[in-house]
Structure formats: C-alpha cells, structure tokens
Amino acid sequence: MNATLAYRLARRELRGGLRGFRIFLACLALGVMAIAAVGTIRASIQAGLAEEGAALLGGDAVVRFTYRFATPEELEWMDSVALAVSETTDFRSMVVVEGDPPERGLTQVQAVDDLYPLIGAVELDPPLPLEQAFAGTDQAPGAVLEKVLADRLGLAPGDTFRLGTQEFVLSAILESYPDNSGGGFGLGPRTLVRLADLAGSGLLGEGTLMESNYRLDLPEGADLAALEAKAETKFQDSGLRWQDARDGAPGISQFVDRIGAFLVLVGLSGLAVGGVGVSAAVRAYLAGKTEVIATLKTLGATSGTIFLTYFYQIGFLTLIGVGIGVVLGALVPLALSPLIVERLPIPADFRLYPAPLAEAALYGILTAGIFTLWPLARTEQIRAATLFRDIGGGGGRLPALRYLLAIAGLLAALVGAAIWFSGTAFLTLWTTGGIAMALGMLVLAALLVGWLARRFRRAARGRPTFRFALGAIGAQGGETTSVVLSLGLGLSVLGDHIRGAVAWPWPVGAGRGGPDRRQPAPGHFRRIARGRPVLLLRRYPARPDRRVPCPPRRGSGGERL
C-alpha cells in the first residue's frame with residue numbers, strides 16, 4: 001500500500017471536476033444543514049433563556065410553597081437576604097359573569113402585592129400602570145384578564161365579573177407579564193388581581209389548591225448556589241422550593257432541549273435517507289471507473305493503493321459536502337432570525353454557536369463513512385481480467401471482514417454520539433432500531449421485487465420492451481435495491497410528517513373569532529376543606545344551560561360553579 005502514490009492518483013482523478021458527485025454533495029449537504037440549523041436554533045433559544053432568566057422568573061430568585069403561605073420565620077430570612085420581596089399567590093378559580101344564564105370561565109388567578117413586578121413590566125391594553133388598573137372603581141376593585149378569556153366571556157374594560165364572592169371590574173386586557181414563562185403549568189388563561197382584594201372572596205381559605213411565591217431582588221453579585229443551599233438546609237422538610245435566574249424557565253428549557261434532540265434525530269433519519277443516495281452515487285462513480293481500476297491493477301497497483309486512491313477522493317468530497325451543510329445550517333437561521341424571534345414567545349439570541357455545527361459535521365462524516373465504505377471496499381474485487389472479459393466488478397460478494405468491522409464501528413460511533421449529544425438513550429436507540437428495521441424491510445422488499453421480475457421475465461416472451469425492463473429490475477447487482485431504499489425511506493419520512501400534520505387534534509373554532517370560543521368548560525373543580533386537597537375532573541355534556549352543583553365549603557356559605 002503506497003499512500004503517497006494513492007494521494008497523487010486521487011488528486012489527478014479530481015482534476016476532472018465534480019461531475020457525477022452532485023447527488024452525493026446534495027444529499028450530504030442537505031442532511032447536515034438540517035441538523036446544524038436545528039442545533040443552532042436550539043442553542044439560540046437556550047442562550048436567550050439563560051440571559052433573560054431573571055426577567056422570565058420575575059426576580060433573581062423565587063421561593064415557592066404549596067398549599068400554604070410562608071411562616072414569619074421564613075419571611076424574616078427572605079427579608080434578611082434580599083433587597084425586596086414580592087409575594088404572589090397562584091390558584092385556579094372560575095370567573096363568573098352575571099346573566100341569564102351566567103357565563104363562567106376557568107382561569108389561573110395570580111394575586112400580587114404592591115411590589116409586583118420586581119423585574120420587568122406588565123403590558124396592558126389600553127396602556128396604564130398596574131396600580132391604576134387595580135384601583136378599579138368606588139364599587140369594586142380592578143383586575144386584568146388575558147384577551148382569550150375576556151373574549152370568551154364577552155367582557156370589555158369597564159364590565160364587572162365575580163371571583164368567589166368578590167366582585168371585580170375589568171380595567172384592561174393583559175398583554176404580557178414578566179414571569180409568564182416561569183409560572184409552571186396552568187389550566188386556564190391568566191387573571192391578575194391584587195392580593196389584598198381577595199380577603200373577602202372566600203377563595204384563599206383552608207384547603208385551597210394554591211401556590212405562594214416569594215420573588216427576591218438580591219444584591220448584585222449574590223451567590224445563588226450558596227443561598228439555595230442555605231435555604232434548603234435551614235428550612236429542611238418545610239416544603240420550600242427554590243428557583244433562581246440560573247434556570248429561569250426550567251419547563252421551557254427542558255421542552256426546548258427535548259424537542260431539539262427529537263428534531264436532530266429526525267434530521268439523522270433524513271441523513272440516513274440521503275446516505276442511500278450517497279452510496280448509490282459512489283457505486284455509480286466506481287462502476288464507471290472499472291476499466292481504470294483494472295488497468296491500474298495490470299500495471300502493478302495493489303488493492304490497498306486503489307482503495308486509498310478512491311478513499312481520498314470520497315473523503316475530500318465528504319469534507320466539501322459537510323462544509324457546505326455546516327455553512328448553510330449556520331447562515332439560514334441567522335438570515336431568518338428576525339422572523340423566528342418575532343414569532344417566538346420566549347427570548348432567543350441568534351449568533352454562531354460552534355457546538356451544534358461541530359455536532360452536525362460529526363454526524364455527516366460518520367454517515368458518509370458508513371454508506372461509502374461498502375462500495376469502496378468492492379474495488380478490491382475488481383480484477384485485471386475485466387479489461388479482456390466483461391466479468392463485472394465482484395458480483396454480490398460481501399466486502400472483506402475488516403471493512404464490515406469498520407462499518408460496524410462507525411455505526412456504533414454514530415449511535416453513541418447521538419446518545420451523548422441528545423441525552424436520551426431510549427429515544428435514540430428506538431430511532432436507530434426503527435431506521436434499521438425500515439432498511440431491513442425495504443431490502444427484503446427489493447429482493448422480492450427482483451425475484452418476481454425474474455419469474456415474470458420468462459412469461460414476457462414476444463414483448464421485448466417489457467422483457468428488457470423486467471430483466472433490468474431482476475438483474476444481479478442492479479439498482480433495484482438502491483431505488484427501493486431511497487423511495488421507501490423518503491416516502492416513509494414524508495408520509496409520517498403528513499400523517500402527523502393531518503392527525504393533529506386542531507380544536508374546532510380555535511382561530512380568532514371561531515364558533516366554539518364561548519362554549520363552557522367540560523368539567524369542574526371541587527375542593528375538600530380541612531383535609532388533603534383533591535382535584536377531581538369530571539366530564540359533562542356541553543350544555544350551556546346545565547349547572548353543576550358543588551358542595552358548600554365550610555365557612556364560605558357555598559358556591560355554585
């Protein structure tokens with residue numbers, strides 16, 4: 001094996017240009033571009049969440065308690081470490097609009113104090129200070145609702161509604177608020193009221209399914225990790241939960257991470273589809289070089305030298321294809337960043353991130369190696385006698401064992417890299433198994449098609465065109481397997497995406513002004529006082545005239561939902 005000679009021969013071969021490798025480059029570049037673009041978008045969102053953690057959280061840190069308020073000792077500690085402490089309470093309730101029959105809508109109520117918000121600003125329509133919105137009128141305190149809830153109940157600024165036994169006046173529509181992304185799961189649109197105005201509502205009594213949040217404005221340079229450790233040690237087993245600006249929106253961050261990993265795996269599936277095209281392009285190129293390879297062997301070139309010659313060529317073209325894909329995957333998200341940022345409800349910082357680009361390049365190189373090593377290994381099976389007799393290029397024999405082991409090693413490296421970068425071994429292994437199963441089934445289908453073509457070819461006597469077509473389909477070493485793999489995998493991926501889009505449970509009338517916007521909720525909530533709070537969901541027929549009785553709460557005089 002002469003590596004220097006192989007390099008010189010490869011360089012001379014490449015002087016003829018990239019003719020015959022356009023499909024190779026296109027398949028590889030598109031697959032790498034998709035993975036790089038998804039990784040860049042994910043990294044941009046994660047960077048935006050990290051930079052805006054305090055704004056998403058509504059403070060430098062937040063201390064949460066479930067089903068209770070903080071004790072005086074806990075409040076004293078928070079006051080000692082923070083410049084300011086803002087108290088909010090989060091719970092579910094029903095907005096009731098008097099009428100015949102009354103209109104009701106489930107809402108996620110956030111009751112706030114006078115310091116809210118510590119960081120950021122609340123945007124209302126019409127624009128006015130939150131303090132003015134809470135002032136209300138002489139008859140009722142003020143509140144603000146999100147637009148979807150106000151539209152459903154037919155409310156406009158100046159109208160009144162009820163929360164529990166307390167009447168409120170709608171002062172404005174809630175457009176946005178700073179701690180929207182860090183507030184966790186909510187079952188209804190948001191309503192903001194002042195905490196003091198709920199004193200006579202009967203909604204914050206014993207047994208309420210509520211969460212109290214204490215947002216802290218910490219001094220500059222405060223050690224968040226040390227404060228978290230101190231709080232958890234000092235108030236151990238008290239139910240205290242700590243969250244800070246280092247991870248201001250953990251739910252969103254985890255969702256972005258998971259959906260990004262899933263999309264990268266989808267991109268790997270697409271890269272596998274492109275890998276079949278890469279393999280076909282290399283096989284077609286080498287088939288055109290059969291006489292050149294036979295001539296080189298006649299002149300004394302070893303099989304190793306010939307393998308290295310074409311390995312250098314394919315490796316160089318792989319680097320070109322991967323480079324094109326990486327560049328496009330980095331530039332396309334940057335070019336579309338204004339449109340993406342405008343439509344994202346969370347912050348994103350778009351710039352060049354080396355990590356996702358390197359990940360995409362690694363996937364591309366490993367995939368190219370897996371799909372090109374097999375046809376490259378077949379060059380060893382081309383004999384010098386091919387110059388004198390049409391005996392083909394090795395028939396259907398398998399490559400040497402060392403090449404099969406190398407392919408298996410590359411495949412293991414690809415799967416291992418996908419598990420490492422995605423952090424989801426279960427999903428990665430299932431995806432790999434699905435791709436392998438699909439490839440196996442398509443190979444069996446291609447073999448069946450070839451066998452049927454050879455059987456029916458005998459019955460096509462007297463019809464030469466049809467006979468030649470069946471002969472090409474059933475020929476040993478033909479392109480039947482490649483075509484079936486490419487079409488089968490491509491149509492499977494496309495069909496799965498179409499099925500997912502068609503089967504998505506889009507709600508009827510979900511658009512602006514849809515016919516179902518004012519239908520009542522199908523279930524109700526019930527609380528059990530003086531015991532463990534229990535959330536019961538029951539489904540009733542969608543009948544606007546039906547009223548579901550709720551057992552009276554102790555000390556509140558009862559309420560009908």
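The values are calculated or read from the model by the stated rules, or taken from the named source; none is laboratory data. Only a predicted model underlies this, so the values are computations on that prediction, with no experimental measurement involved. Ideal geometry is used to build each Cβ from the backbone, glycine not excepted, and the neighbour counts take in all protein chains shown.
For beta carbons closer than 8 Å, sequence separation of 6+ or different chains, a first residue in region 444-461 that is in contact (Cβ under 8 Å) with a residue 40 or more places away in the chain and under 14 Å from E479 (Cα atoms) and a second that is part of a helix (DSSP H, G or I) and not aromatic (F, W, Y), the qualifying pairs are A445/V484; A445/G488. Only residues that are among the acidic types (D, E) and in contact (Cβ under 8 Å) with a residue 24 or more places away in the chain were counted in region 127-166, giving 3.
Look through region 326-352, keep the residues that are among the charged types (D, E, K, R) and closer than 13 Å to A43 by Cα, and return whichever of them is surrounded by the fewest Cβ atoms within 10 Å (Cβ to Cβ).
Looking at the filtered set, the residue picked out is R351.
Here is a yes/no grid of residues against (1) assigned to a helix (DSSP H, G or I); (2) in the same structural domain as L352 (by TED's automatic domain parsing):
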residue	(1), (2)
A47	yes, yes
V62	no, no
F69	no, no
E76	yes, no
R92	no, no
P101	no, no
G105	no, no
L115	no, no
L118	no, no
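Among the residues of region 120-134, those that are among the small types (G, A, S) and part of a loop (DSSP other than H, G, I, E, B) comprise G120, A121.
S201 satisfies every condition listed in (1) outside any loop (DSSP other than H, G, I, E, B); (2) without any contact (Cβ under 8 Å) to a residue 40 or more places away in the chain except (1). Only one of the listed residues (A47, A70) is touching a residue at least 40 places away in the same chain (Cβ under 8 Å), surrounded by 18 or more Cβ atoms within 10 Å (Cβ to Cβ) and within 28 Å of A226 (Cβ to Cβ). That residue is A70. Residues of region 160-176 that are within 17 Å of E123 (Cβ to Cβ) and more than 25 Å from the chain's Cα centre (by Cα): L170, S171, A172, I173, L174, E175.
Just one of the numbered conditions (1) small (G, A, S); (2) under 30 Å from F255 (Cβ atoms); (3) in contact with a Pro (Cβ under 8 Å, 6 or more places away or on another chain); (4) not in a loop (DSSP other than H, G, I, E, B) is not true of A111: (3). Return yes when G304 is assigned to a helix (DSSP H, G or I), surrounded by fewer than 20 Cβ atoms within 10 Å (Cβ to Cβ) and either free of Cβ contacts under 8 Å to residues at least 40 places away in the same chain or in contact with an Asp or Glu (Cβ under 9 Å, 6 or more places away or on another chain) (or both) and no when it is not. Yes: the conditions hold for G304.
Among the residues of region 136-153, are any surrounded by fewer than 17 Cβ atoms within 10 Å (Cβ to Cβ), modelled with pLDDT of 90 or more, on the phi > 0 side of the Ramachandran plot and of a type in the set (G, A, S)? Checked against the condition, which is being surrounded by fewer than 17 Cβ atoms within 10 Å (Cβ to Cβ), modelled with pLDDT of 90 or more, on the phi > 0 side of the Ramachandran plot and of a type in the set (G, A, S), region 136-153 yields no hits at all.
Applying a threshold of 9 Å to beta carbon distances and a minimum spacing of six or more residues, or different chains, the list of pairs starting in region 385-411 at a residue that is in the same structural domain as T367 (by TED's automatic domain parsing) and surrounded by fewer than 15 Cβ atoms within 10 Å (Cβ to Cβ) and ending at one that is modelled with pLDDT under 70 and assigned to a helix (DSSP H, G or I) reads I391/A385.
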